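Everything below concerns the one structure shown next.
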Amino acid sequence: MPLDPMPDWVLARRRVIGDRIRDVRRRAGFSQVQLGERVGLDHKTIHRYETAQRAPTLTELLLIADALRVPLADLVR
């Protein structure tokens with residue numbers, strides 16, 4: 001049995017989270033490469049999160065929030 005398609009609101013939320021990651025990263029003065037190095041991810045993966053092409057796991061979100069020195073809630077609220 002095929003899975004139902006992802007609801008539109010989930011994709012919209014993913015875009016908001018990606019925008020927040022990008023905004024906080026830029027305010028912190030990090031490039032995608034630098035953030036990726038800090039959390040052990042490729043810069044292409046950071047790009048995919050910021051453009052909502054891929055959803056980060058909870059662990060990845062925790063690592064990103066820590067690297068950017070913001071509470072996790074600031075990224076997902």
Estimated 222 nm signal from helices in the chain, with DSSP H stretches of n ≥ 4 weighted -39500 (n - 2.57), rounded to 500:
-20500 deg cm²/dmol
So what is the relative contact order for region 33-75, in percent, with contacts set as C-alpha pairs under 8 Å and at least six apart?
30 percent
When the gyration tensor of the chain is built from Cα positions, what are the square roots of 5 times its three eigenvalues, in whole Å, from largest to smallest?
23, 13, 11
If you line up the long axis of helix 58-68 against the longest principal axis of the chain, both from Cα atoms, how many degrees apart are they, to the nearest 10?
30 degrees
Region 30-67: trypsin sites (Lys or Arg not before Pro) in DSSP coil with no more than 16 other Cβ atoms inside 10 Å:
R54
Sulfur and carbon atoms: percent of accessible area, the chain [1.4 Å]:
55 percent
Excluding ligands, DNA and RNA, what is the solvent-accessible area per residue of the chain at a probe of 1.4 Å, expressed in Å²?
68 Å²
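The values are calculated or read from the model by the stated rules, or taken from the named source; none is laboratory data. None of these values were measured; they are calculated from a predicted model. Cβ atoms come from the backbone with ideal geometry, glycine included; neighbour counts cover every protein chain shown. Note: areas computed on protein heavy atoms with side chains; ligands, DNA, RNA excluded. Shrake-Rupley method; radii C 1.70, N 1.55, O 1.52, S 1.80 Å.
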